[in-house]
1. Would you check which residues across the stretch 52-81 are over 30 Å from residue 107 (Cβ atoms) and part of a helix (DSSP H, G or I) and list them?
2. Of the residues 62, 94, 58, which is modelled with pLDDT under 80, among the charged types (D, E, K, R) and crowded, with 16+ Cβ neighbours inside 10 Å?
3. Which number in (1) modelled with pLDDT under 75; (2) of a type outside the set (S, T, N, Q); (3) part of a helix (DSSP H, G or I) marks the one condition that residue 24 misses?
4. Output the residue which, of all residues in the stretch 32-55 that are farther than 16 Å from residue 139 by Cα and modelled with pLDDT under 75, is surrounded by the most Cβ atoms within 10 Å (Cβ to Cβ).
5. Quick test for you: out of 193, 188, pick the one residue that is among the aliphatic types (A, V, I, L, M), over 22 Å from the mean Cα position of the chain (by Cα) and either modelled with pLDDT of 90 or more or loosely packed, with under 14 Cβ neighbours inside 10 Å (or both).
Amino acid sequence: MQEAWLVAGEFNEIADVMGITTPRMIRKTLMVEGYNGMAKYKSGLQLATKIVKTDGVKGLYKGFGLPFIAYSPSNNIWWGTYNFSQHIFLNYTKIDNISWRKSVFYQAAGGFLAGGITCCFNHPFDTINTIIQVNHMKKQTIIKVVKELFKEDGFKAFFKGIGPRFAMFSITGAGYAFLCEYFKVGNLAEVPLEDKSLVKVEVDDKISS
């Protein structure tokens, strides 16, 4: 079951990168327009039109490679961290004594941790990709951007702005895990008392998977 989730997640990440690369590039460019001498645009459509005239359709997918490399394994990192955290939590608790509300809390904590670690993994890639995407006036390569970042502020330059993004990934991960487990485990808790043995079996199967 877990393998099916991982495969589905990989295809989801690939489709996500292919579908949002252009909108994300346009959004990032409009966010920094006029800053530090950068060009200004009336709308996203004007920006997209200018990119196509300058670089062709391929210009709309500038920086496509990095997100593809970074976000594809992110799903595995998220689920790997999440499952590892659950094993740690379960080492300190016994399933016979833990309430379903506490179980949901542990799941949410695991989602928070998984989101944060995933963010730390792909943030450097996102930093490089953002620089490449918003600089439309000059051609940037990955190697050139990496060298400039190292020269500017060393290794920590790759983690600029990670605070808000870390919070977003962590809170989103916790919310996702909480809602999923709340409805799954919460529904099991509503089973009549005479079916408690079935509840225990389903919960055990769920945790072992």
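The values are calculated or read from the model by the stated rules, or taken from the named source; none is laboratory data. The shown structure was predicted, so the numbers you read here are calculated from the model rather than taken from an experiment. As a convention, Cβ positions derive from the backbone with ideal geometry for all residues, glycine included, and neighbour counts pool all protein chains shown.
1. 52, 53, 54, 55, 57, 58, 59, 60, 61, 65, 66
2. One residue alone meets the criteria, 62.
3. Condition not satisfied by residue 24: (1).
4. Residues of the stretch 32-55 farther than 16 Å from residue 139 by Cα: 32-37, 40-49.
Next, only the ones that are modelled with pLDDT under 75 stay: 32-37.
Values: 32: 12, 33: 14, 34: 10, 35: 9, 36: 5, 37: 6.
Ranking the candidates gives 33 first.
5. Working: 188 fails: either modelled with pLDDT of 90 or more or loosely packed, with under 14 Cβ neighbours inside 10 Å (or both).
Answer to the check: 193.
Residue-wise test of (1) surrounded by fewer than 17 Cβ atoms within 10 Å (Cβ to Cβ); (2) in a helix (DSSP H, G or I); (3) not small (Gly, Ala, Ser).
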{"position": "113", "(1), (2), (3)": "no, yes, yes"}
{"position": "122", "(1), (2), (3)": "no, yes, yes"}
{"position": "139", "(1), (2), (3)": "yes, no, yes"}
{"position": "147", "(1), (2), (3)": "yes, yes, yes"}
{"position": "154", "(1), (2), (3)": "yes, yes, no"}
